[in-house]
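The values are calculated or read from the model by the stated rules, or taken from the named source; none is laboratory data. The model shown is predicted, which means the values in this text are computed figures rather than measured ones. Quick reminder, even Gly has a Cβ in these numbers, built from the backbone with ideal geometry, and neighbours come from all protein chains shown.
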Amino acid sequence: MIDVHCHVIPGVDDGSPDLETSLALLRMAVDCGTTDLICTPHVLEAGRGLAWDTITEKTKELQAEADRAHIPIRLYPGAELEFNAELADILEEGTGRYCLAGSRYPLIELPALSMPTHIDDFLYDLQVRGFVPVIAHAERHSPLMHEPERLLRWMQQGVLVQTNSGSITGMFGEEVAARAKRLIENHMTCFLGSDAHRVKIRNTDMTEAVGALRSMAGAGYAEDILEDNPRRILKNQPISWDVPEKMKEEKKKGFFAKLFG
């Protein structure tokens, strides 16, 4: 499988602090079946954060260290781009800069506590320019998940969604886990990412999440999420995604279910 979202480059953001941690995370990834991993350090604002050339160089350096340590994994440069009005300026058509594996797919993180006023226009503008926006861990964004039909509309227009493995397993709480499940059940998760930061918490071991995903999604859909779709990113190929016209009604918990959890 392919991990499309991971903070494994040492010492560049709030992820891995050093090379020892990075190599431990890569070994853990291989042990759970990950063959390819996209390094996605935070780029917080246009003009602030790592330069693309630095990201690509540090990814190559980490690949060399992994090879020396006989860790059989392939690494690719990428970025987790925090939404900002100036973000469009650093995304240059045809260059792959700041996109996942140098492709046409930028990974975009929405502000944690708010819905940007011009986000619809921003996503549309990126698509007109040939990009395919990928929303990072949509299930963790409360303002968006309180209006999931908006996310559905984005997806019907070509936007894709990445879900965190820790969201599926309950690492971010019961509500986020329920949101992740609802996205999967509505065919609205396109990729899985570990979003790994450290070895003990939020790491690259996606074993439990993959098991739960296969149970919820079935073998075919799970294979799309874990291998086929991310492989198309690595090859910079188009991804055709069947999005429902309408979301399934959310099942309401009964009194006793709420009482006893």
Handout entry: Residue among Glu175, Glu223, Glu208 that is under 26 Å from Pro10 (Cα atoms) and not in a loop (DSSP other than H, G, I, E, B)
Key = Glu208
Handout entry: Residue under evaluation Asn84, criteria (1) buried (at least 19 other Cβ atoms within 10 Å of the Cβ); (2) more than 16 Å from Asp36 (Cα to Cα); (3) at pLDDT 95 or above, criterion not met
Key = (3)
Exercise for the section: Go through (1) within 25 Å of Thr207 (Cβ to Cβ); (2) buried (at least 16 other Cβ atoms within 10 Å of the Cβ) one by one and return the number of the condition Gly173 breaks. Expected result: (2)
Exercise for the section: Any residue in the range 195-214 that's at positive phi: show its pairings with residues that are of a type in the set (D, E, K, R) and at pLDDT below 95 at Cβ separation under 7 Å, as long as the two are six or more apart or on different chains. Expected result: Asp195/Arg202
Practice task
Go through the range 181-194 and give me each residue that's more than 12 Å from Ala29 (Cα to Cα), under 15 Å from the mean Cα position of the chain (by Cα) and not in a helix (DSSP H, G or I).
Solution key: Met188, Thr189, Cys190, Phe191, Leu192
Handout entry: Residue that is farthest from Arg97 (Cα to Cα), among those in the range 122-160 that are in a loop (DSSP other than H, G, I, E, B) and small (Gly, Ala, Ser)
Key = Gly158
Exercise for the section: Looking for whichever is of a type outside the set (Gly, Ala, Ser), farther than 27 Å from Pro111 by Cα and either at pLDDT 95 or above or surrounded by 19 or more Cβ atoms within 10 Å (Cβ to Cβ) (or both) here; the options are Leu50, Leu23. Which one fits? Expected result: Leu23
Practice task
Identify, from the list Arg179, Arg129, the residue that is farther than 16 Å from Ala212 by Cα, touching a residue at least 12 places away in the same chain (Cβ under 8 Å) and in contact with an Asp or Glu (Cβ under 8 Å, 6 or more places away or on another chain).
Solution key: Arg129
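Here's the yes/no breakdown for (1) crowded, with 21+ Cβ neighbours inside 10 Å; (2) of a type in the set (Val, Ile, Thr); (3) at pLDDT 95 or above:
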{"position": "Glu93", "(1), (2), (3)": "no, no, no"}
{"position": "Leu107", "(1), (2), (3)": "yes, no, yes"}
{"position": "Tyr124", "(1), (2), (3)": "no, no, yes"}
{"position": "His137", "(1), (2), (3)": "yes, no, yes"}
Practice task
Answer yes or no as to whether Gly158 is touching a residue at least 40 places away in the same chain (Cβ under 8 Å) and not hydrophobic (A, V, I, L, M, F, W, C).
Solution key: no
Exercise for the section: Among residues belonging to the range 109-168 that are of a type in the set (Asp, Glu) and under 18 Å from the mean Cα position of the chain (by Cα), point out the one that is farthest from Lys246 (Cα to Cα). Expected result: Glu109
Practice task
Please indicate, with yes or no, whether at least one residue in the range 228-238 is crowded, with 16+ Cβ neighbours inside 10 Å, touching a residue at least 60 places away in the same chain (Cβ under 8 Å), within 26 Å of Gly78 (Cα to Cα) and more than 16 Å from the chain's Cα centre (by Cα).
Solution key: no
Exercise for the section: Confirm whether Asp195 is of a type in the set (Asp, Glu) and closer than 24 Å to Ser142 by Cα. Expected result: yes
